[in-house]
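To start, the structure under review is shown below, and the notes come after it.
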Amino acid sequence: MKFKYIKKFDELSIKDIPLVGGKNASLGEMIKQLSSKGVLLPGGFAITADAYWYYLKENNLKDKIKEQLSRIDKKELDEFARIGENIRNLIINAMIPKNLKEEIITAYEEMQEEYGENCSVAVRSSATAEDLPEASFAGQQETYLNISGNNELIKACIKCFASLFTNRAISYRIDHGFNHMNVALSVGIQKMVRSDKASAGVAFTLDTESGFRDVIFINSAYGLGENVVKGNISPDEFYVHKQTLEKGFRPILKKRIGLKRKKMVYSNDSEEPTKNIETSEKERKSFSLNDDEILNVAKQSLIIEKHYSDLKEKWSPMDIEWAKDGLDNKIYIVQARPETVHSLKQEKNIIEEYVLEHKPENSDKILVKGKSVGRKIVTAKARVIDKAENMRELQKGEILVTDMTDPDWEPIMKIAAGIVTNRGGRTCHAAIVSRELGIPAIVGAHDATEKIETGMQITIDCSTSEVGFVYQGDIPFQIEKIKIDKLPKLDVEIMINIGNPDQAFNFARLPVSGVGLARLEFIINDSIKIHPMALVNFDKVEDQKDRKDIEELTYGYKDKKMFFVDKLAQEVGTIAAAFYPNPVIVRLSDFKSNEYRKLIAGKYFEPEEENPMLGFRGASRYYDPKYSPAFALECLAMKKMREEMGMVNVKLMIPFVRSVQETEKVFEEMNKNGLQKRKNDLEIYMMVEIPVNVLLIDDFSKLYDGFSIGSNDLTQTTLAVDRDSGLVAHLFDERNLAVKKMLKMSIEGAKKNNKKIGICGQAPSDYPEISKFLVKCGIDSISLNPDAVLKEIMMLKDTK
């Protein structure tokens, strides 16, 4: 049969958007151009936009639709909803022309020859104005999954036509100036991927929060992908680094498990062909993709991004839906469209920082916390809305608090000052819309609708990390705007201190030369939580609560030690990736014994010391039998990050070294665990924080590749002032002449031995005069807290 209204996907290209809409044109483009490059796509066909116009014409619907649309007043929500329903009913109750029906059935029969009798298909809408750069609310129309049989297919196609007039789609076109009667709808008929027996989700070829372009962000959950796409669940999250992936490494940066409380599967009901069922406890506790599958999704996503970037001759980040087939275990791309939030942002040279003037010290002020969206802060009255039919209760400028949102909420979301939801991940509907509207949101806050009450004054804080907080009350905050291109060039390198990997992508925008201090302590305390020796000697842990906590955290690991290795490698790897290929100096662990005791099961492995600041810490731990098995795990994590993940920009730094002999013992332990200086260009630095480091810098220079001054400990050890003691706190001063002399001697000694030296302590962040002094002494780099970077650059511009 010669088709008039049907186009096979492999006949289409991106030039066919006017004929079949962005979604179908993109599928055709990828099947034609990318199948040979490793991108797997299920086959199918498109019903063209001409078929939509033909359907309206044969049923005399155009004038009837226009008449209904002419009566719309968006302020009258009840009437607005009735008009939308009237138009949809007009389309659904009309008769499909016989020749169009025959074409659809014939094309479906040809699909069955390839995929089997009555093969199940996905019926997806593809509007001719959808996925244009300024039209970023994809998902305005409907998708129908697991459709099989001629009659059910025809019904689904007509419902797709009608979905061009969902309330949300009508509202969107009004807001964005699209003429309703200039927008048509094509329907895509695509072979179903049996992800009901596996998993599915979305992938973005950038970080959706910061806009950081060097990662692929993947959301995944068990079952069909609609729950992830619509934000009905909290999915698993994964990040993969692009550059090292291209070089053949396995750079999975973060792996965050989601609740995944339900999954969508096939039903036996032709009227409701899919259904949601609860996931098992094992599924909820397990990742829905293994590492090979994560990398597979990332590789296909990267190929797609490169193709569209080449087509447009500029970077074009993509929003991709993927699905794993549980029958053949292959991963397929089911659609791809341009990402339309960060790719369209202007004023890329401006950094805008939201900062709370003071964080509430009382934890009772924290009402709920969840995943942050938007990197902003807002304070306003809350409006708790439990059902969609009550959405009109929201008043302009209030914070919307609800279980979750879907596209039907869009007409009222634009008047909200912020959004808080019980459910959803960072790619759910509420998150996507809040980014588009430029307002902060906290999603997946679980019990927000119970903890927050209508009329309550609350503050949403999404400014610092992946975790966002809702505080009770009005917390003052400031907004700082700085143009990066106006910053002066300096004679000294400015670097950054960072401990929280969740902030790394956002801080990567700062004008720095890399990371002068990446701390492990925050990661171990916040992400790993377990004393490493408890993983080495689990049998020694007697407390039942500790044992239970460890079992839960290490779920899925036969060897509990590998939980520590993997988690540390991924979290530090995230920091390394954010600043790649610039250097990232990672200080190996420097917990004191009292800090280690606070970790889960720490009490079994740590002494109680009178003065932990000068006790069992730093290098002295690494070779001591009481801790060396734990240090071995650190080494294995660093080895994995550099060799498997490709983060060769990482340099390692040893803290609190008391003698040259101690260095040799530490190097011996590192060598045992696969970390050899200069192998794979590994450089090892030493912290200068004890007078012996300064006095014997010539000897230490023979062993280390460079140095970094820890001004906090150098001040403590020079002045014999315990940093933890409030009684002598007034004597602690980095500007003391003795400390300044130590700083000067350190720099001169390193320079004499042709070694690089920087500073990563607190002093330059707190005291501008210290920074000027260091520059005059000839220091190579100054590493600062993130909030001090821009001010420091402006302050040092005239220092020579």
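Quick look at the values:
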item	result
Count - residues of the range 610-620 that are at negative phi and either buried (at least 22 other Cβ atoms within 10 Å of the Cβ) or part of a loop (DSSP other than H, G, I, E, B) (or both)	6
ALA720, sole failed condition from (1) among the hydrophobic types (A, V, I, L, M, F, W, C); (2) touching a Ser or Thr at 6+ places or on another chain (Cβ under 9 Å); (3) surrounded by fewer than 15 Cβ atoms within 10 Å (Cβ to Cβ)	(2)
The one condition in (1) more than 30 Å from TYR54 (Cα to Cα); (2) buried (at least 21 other Cβ atoms within 10 Å of the Cβ); (3) hydroxyl-bearing (Ser, Thr, Tyr) that SER186 fails to fulfil	(1)
Any hit, the range 145-155, residues being within 30 Å of GLU109 (Cα to Cα), among the hydrophobic types (A, V, I, L, M, F, W, C), within 25 Å of the chain's Cα centre (by Cα) and not in a helix (DSSP H, G or I)	no
Selection from the range 238-260 of residues that are open to solvent by 10 Å² or more (accessible area, probe 1.4 Å) and touching a Ser or Thr at 6+ places or on another chain (Cβ under 9 Å)	LYS242, ARG250, ILE257, LEU259
Long-range neighbours under 9 Å by Cβ, at least six apart or interchain, first residue on the phi < 0 side of the Ramachandran plot and at pLDDT 75 or above within the range 69-80, second in a helix (DSSP H, G or I) and open to solvent by 80 Å² or more (accessible area, probe 1.4 Å)	ASP78/ARG392
Of the criteria (1) assigned to a helix (DSSP H, G or I); (2) hydrophobic (A, V, I, L, M, F, W, C); (3) touching an Asp or Glu at 6+ places or on another chain (Cβ under 9 Å), which one ILE304 fails	(3)
Every residue from the range 281-308 that is open to solvent by less than 50 Å² (accessible area, probe 1.4 Å) and of a type outside the set (A, V, I, L, M)	GLU283, SER286, SER288, GLU293, GLN300, SER301, GLU305, HIS307, TYR308
Evaluation of ALA51 against (1) at pLDDT 90 or above; (2) more than 25 Å from TYR115 (Cβ to Cβ); (3) in a helix (DSSP H, G or I); (4) more than 36 Å from the chain's Cα centre (by Cα) (one fails), failing number	(2)
Matching residues, the range 43-89, being surrounded by fewer than 20 Cβ atoms within 10 Å (Cβ to Cβ), under 25 Å from ASP408 (Cα atoms) and of a type in the set (Phe, Trp, Tyr)	PHE80
Neighbours by Cβ (under 6 Å, 6+ apart or cross-chain): first from the range 322-337, assigned to a strand (DSSP E or B); second buried (at least 20 other Cβ atoms within 10 Å of the Cβ) and among the basic types (Lys, Arg)	ILE331/LYS324; GLN335/LYS23
Considering residues of the range 431-448 that are within 12 Å of LYS369 (Cα to Cα) and surrounded by fewer than 24 Cβ atoms within 10 Å (Cβ to Cβ) only, the residue modelled with the highest pLDDT	ASP447
Set LEU675, LEU703, LEU682, LEU633: member being surrounded by fewer than 17 Cβ atoms within 10 Å (Cβ to Cβ) and not acidic (Asp, Glu)	LEU703
Subset of the range 65-107 (residues that are over 25 Å from MET391 (Cβ atoms), assigned to a helix (DSSP H, G or I) and not aliphatic (A, V, I, L, M))	LYS66, GLU67, LYS98, ASN99, LYS101, GLU102, GLU103, THR106
Residue check, LYS665 open to solvent by 60 Å² or more (accessible area, probe 1.4 Å) and closer than 22 Å to ALA569 by Cα	no
So LEU517, is it among the hydrophobic types (A, V, I, L, M, F, W, C) and either part of a loop (DSSP other than H, G, I, E, B) or open to solvent by 50 Å² or more (accessible area, probe 1.4 Å) (or both)	no
Of the criteria (1) basic (Lys, Arg); (2) under 22 Å from the mean Cα position of the chain (by Cα); (3) not in a loop (DSSP other than H, G, I, E, B), which one LYS159 fails	(2)
Residue within the range 389-405 that is farther than 19 Å from ASP236 by Cα, in contact with an Asp or Glu (Cβ under 8 Å, 6 or more places away or on another chain), among the small types (Gly, Ala, Ser) and not in a strand (DSSP E or B) present	no
One residue from MET687, MET647, MET653, MET638 being assigned to a loop (DSSP other than H, G, I, E, B), under 29 Å from ASN753 (Cβ atoms) and in contact (Cβ under 8 Å) with a residue 60 or more places away in the chain	MET647
Residue count for the range 547-572, restricted to those that are under 20 Å from TYR627 (Cβ atoms) and open to solvent by 20 Å² or more (accessible area, probe 1.4 Å)	5
Only listed residue being open to solvent by 60 Å² or more (accessible area, probe 1.4 Å) and within 18 Å of LYS740 (Cα to Cα), chosen from LYS791, LYS797, LYS772	LYS772
Enumerated helices (runs of 4 or more DSSP H) restricted to the range 539-601, each holding at least 3 residues that are under 20 Å from SER783 (Cα atoms)	561-579
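The values are calculated or read from the model by the stated rules, or taken from the named source; none is laboratory data. This is a predicted model, so every value here is computed, not measured. Cβ sites come from the backbone with ideal geometry, for glycine too, and all protein chains shown count toward neighbours. All accessible areas refer to the heavy atoms of the entire protein, side chains included, with ligands and DNA or RNA removed. Shrake-Rupley method; radii C 1.70, N 1.55, O 1.52, S 1.80 Å.
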